[in-house]
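Here the structure is laid out as structure tokens; the discussion comes afterwards.
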């Protein structure tokens, strides 16, 4: 009997979660902002490689997507970030690194009947990485990139929802140079982002 009640309760919770997902079906737009946390990145020159470290930066972006009503959401999103350079090889340095990404994402809302809805996702696309790194400038070329994300979403009424998420983005290295001094280097790019945002659903 106890096992039967547990199974029944589980099925009821799943049914409630599926009904909530179906109610979310339709087009939506979202906007988010937060922090960009670049790890120690490799800057590779002609003869050596040094770690470049950055201060915490900012990130903001938006997306347009479609909720299938079965847990899956598909969207096109873009995020811009900028972080100030702190050190290269342990020595104080000046400059910044910035990027703009354009990604096609697929996310999945986990079917749990909680007060918030957890979700995971991944995307592929392109990132334009550029800036100025201790006298070298460049980048500003679109390179292949990908991202993964995990977050929590809370519906507020029929049309609005709040969300917070973690994103990891990686793209191919950007090329920086100082033609006057015949210097060139490749700057590796990874980014950890902590974002908060709001979504608006167009379905009634």
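Laboratory data are not the source of any read-out in this text; all were calculated from the coordinates shown. What you see is a predicted model; the values in this text were computed from it and never measured. Note: ideal-geometry Cβ built from the backbone for every residue, glycine included; neighbour counts use all protein chains shown.
In whole Å and largest first, what semi-axes does the C-alpha gyration tensor of segment 69-117 yield when each eigenvalue is scaled by 5 and square-rooted?
Its equivalent ellipsoid spans semi-axes of 38, 15, 8 Å.
Can you grab the distance from the C-alpha centre of segment 157-176 to the C-alpha centre of segment 53-95, Å, no decimals?
6 Å
Give the angle, between 0 and 90 degrees and rounded to the nearest 10, that separates the Cα long axis of helix 2-23 from the longest principal axis of the Cα atoms of the chain.
Roughly 60 degrees between the two axes.
When the label point is put 7 Å from the Cα of residue 87 along its Cα-to-beta-carbon vector, which residues of segment 121-145 have a backbone N closer than 17 Å?
Residues 134 qualify, since their backbone N sits under 17 Å from the label point.
Counting C-alpha atoms alone, how compact is segment 2-201: give Rg to one decimal and Dmax as a whole number, in angstrom.
When restricted to the Cα atoms of segment 2-201, Rg and Dmax are 20.8, 78 Å.
Taking a label point 7 Å from the Cα of residue 113 along the Cα→Cβ vector, which residues of segment 56-75 have an amide N closer than 19 Å to it?
From segment 56-75, the list is 70-71.
Helix-only mean residue ellipticity at 222 nm, the chain, DSSP H runs n ≥ 4 weighted -39,500 (n - 2.57), per residue, nearest 500. What is it?
-4000 deg cm²/dmol
Using a 7 Å offset from the Cα along the Cα-to-Cβ direction at both residue 203 and residue 78, what is the distance between the two label points in nm, to one decimal?
Each label point lies 7 Å from its Cα, and together they span 2.7 nm.
Using 16 Å as the cut-off for backbone N distance, which residues of segment 132-167 belong to the label zone defined by a point 7 Å from the Cα of residue 122 along Cα→Cβ?
Output list for this probe position: 145-151, 167.
Let's test the formula: R0 of 45 Å, r as the Cβ-Cβ distance of residue 29 and residue 49. What FRET efficiency results, to the nearest 0.05?
Once the sixth-power term is evaluated, E becomes 0.60.
Using Cα pairs under 8 angstrom and six or more residues apart, how large is the relative contact order of segment 2-201, in percent?
Averaging sequence separation for qualifying contacts and normalising by length gives 21 percent for segment 2-201.
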